[in-house]
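Some notes on the structure that comes next.
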Amino acid sequence: MSKEVYIYRAFERFWHWLQALLIAFLAFTGFEIHGVYSFLGFRDAVRYHSIAAYMILGLIVFAIFWHLATGEWRQYLPTGRNIRSQLNYYLFGIFRNAPHPTKKTVLSKLNPLQKLTYFGLKILVIPIVVTSGLLYLFYRYPQKHGIEALNIDSLETIAVVHTLGAFLLVSFLLVHLYLITTGSSPTSNIQAMITGYEKVDEKGGPPEENIPSLIEKL
Ligand code: HEM
């Protein structure tokens, strides 16, 4: 038995898809800058990479504001509860048609592994890419006018850190694409991120800790 449940609000869906598009485009132009292939040409790849970078910075500012204003940031607080059952599900249960160990609700949409992963992305990987990207972007301009605003001897470290962050983001994207298909049906997750509503199995575990219960603890 399955039922339709409202999971993702409108801003969340808009943010998710624009972010996905921008990260894919930044990866595409970034790896051309890196020299992996030639499609747009180096100059245009740099130009479009910079435009998309400003767009994602703007989106990040809006998303931070939305998460703080709505209290949704608490969705991402990592928890040690149920991690083992979630891991067991992805490694074994999923191949035996076992029920999902945690249920999704609008108040608690992330399972414990997702919480951990998205928390890591938000406090580590994205800040690494954004900070190194900004250093990459602005390192040259002060020097052009003879102003030594940033005391950096070479771009090498910044380039390596930025590329490492890019690899981590692309690896996340690949795993994410597989996990999208592991909902109650192969398309239920993607449908939820488009319409907001997801078909979820009625059987399966309880919802993860939700916002009200977290608020009580804070
Ligand atoms: C706010 C976000 C970002 C900013 C400000 C930014 C900025 C930059 C800049 C200025 C460059 C160097 C361009 C040049 O050579 O003139 C660059 C290169 C690059 N970017 Fe980004 N970027 C951002 C996000 C991303 C993301 C999300 C990815 C991939 C997922 C990415 C992947 C790359 C790669 C692979 C390179 C080539 C690095 C190299 O070989 O040195 N960037 N980025």
Subset of segment 92-124 (residues that are crowded, with 19+ Cβ neighbours inside 10 Å, within 12 Å of the chain's Cα centre (by Cα) and over 18 Å from residue 178 (Cβ atoms)): 115
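Residue by residue, here is whether (1) at pLDDT 85 or above; (2) within 16 Å of the ligand (Cβ to nearest atom) holds:
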| residue | (1), (2) |
| --- | --- |
| 62 | yes, yes |
| 70 | yes, no |
| 98 | yes, no |
| 139 | no, yes |
| 149 | no, yes |
Meets criteria (over 30 Å from residue 182 (Cα atoms), buried (at least 16 other Cβ atoms within 10 Å of the Cβ) and out of contact with any Asp or Glu (no Cβ under 8 Å at 6 or more places or on another chain)) for residue 136: yes
List the number of the failed condition for residue 58; all other conditions in (1) farther than 30 Å from residue 199 by Cα; (2) surrounded by 16 or more Cβ atoms within 10 Å (Cβ to Cβ) hold. (2)
Let me spell it out: the conditions are (1) at pLDDT 95 or above; (2) of a type in the set (Val, Ile, Thr); (3) more than 16 Å from the ligand (Cβ to nearest atom), and residue 106 meets all of them except one. Which number is the exception? (1)
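Select from segment 164-196 the residues that are assigned to a helix (DSSP H, G or I) and in contact with a Phe, Trp or Tyr (Cβ under 9 Å, 6 or more places away or on another chain) and write down the one among them that is nearest to the ligand (Cβ to nearest atom).
166
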Going by the conditions given, is residue 30 surrounded by 18 or more Cβ atoms within 10 Å (Cβ to Cβ) and within 16 Å of the ligand (Cβ to nearest atom)? yes
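The values are calculated or read from the model by the stated rules, or taken from the named source; none is laboratory data. Bear in mind the structure is a predicted one, so any value in this text is a computation, not a measurement. Every residue, glycine among them, receives a Cβ derived from its backbone with ideal geometry; neighbour counts consider all protein chains shown.
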